[in-house]
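Shown next, in structure tokens, is the structure this report addresses.
The values are calculated or read from the model by the stated rules, or taken from the named source; none is laboratory data. Since the structure is predicted, the reported quantities are computational estimates derived from the model, not experimental observations. As a convention, Cβ positions derive from the backbone with ideal geometry for all residues, glycine included, and neighbour counts pool all protein chains shown. Quick note on the areas: whole protein, heavy atoms, side chains included, nothing else; ligands and nucleic acids left out. Shrake-Rupley method; radii C 1.70, N 1.55, O 1.52, S 1.80 Å.
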Amino acid sequence: MNEKTFYVYLLASKSRRLYVGVTNNLERRLFEHKSKLVDGFTKQYNIDRLVYFEQTTDVLSAITREKQIKGWNRSKKICLVEISNPTWEDLSAEWYKEHLE
């Protein structure tokens, strides 16, 4: 059986404006955000730095988790990021270096 992987992720702008999303292909989705290929909130506010993600093989769990995090207040989202990424480093920075330079 071929298990798919689903990702819940948080992006941030340089000023730390946050976006929560879910996808089945994190690398593709991040490329779309970084390349500004999709109009919307992340493009408008230049939100393209991956600061947190988690993965699961259960799509319903991923969607439920995304909704849960979206419902949190800002300080709780910040705590989630800072537990595993206290410097707010872009976890995807090296993935696209050659494509985006």
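Segment 1-95 holds helices (runs of 4 or more DSSP H) entirely within its bounds, and those carrying 2 or more residues that are aliphatic (A, V, I, L, M) and open to solvent by less than 70 Å² (accessible area, probe 1.4 Å) map to 26-34, 59-71, 74-84. Of all the residues in segment 79-95, those that are of a type in the set (Val, Ile, Thr) and in contact (Cβ under 8 Å) with a residue 12 or more places away in the chain number 1.
For segment 22-40, the criterion of being under 22 Å from SER75 (Cβ atoms), in contact with a helix residue (DSSP H, G or I) (Cβ under 7 Å, 6 or more places away or on another chain) and not hydrophobic (A, V, I, L, M, F, W, C) is met by none of the residues. Taking only pairs six or more apart or across chains, which ones have beta-carbon atoms under 8 Å, a first residue in segment 29-52 that is over 21 Å from VAL81 (Cβ atoms), and a second residue that is open to solvent by less than 30 Å² (accessible area, probe 1.4 Å) and among the small types (Gly, Ala, Ser)? Pairs that qualify, where the first residue is over 21 Å from VAL81 (Cβ atoms) and the partner is open to solvent by less than 30 Å² (accessible area, probe 1.4 Å) and among the small types (Gly, Ala, Ser): there are none.
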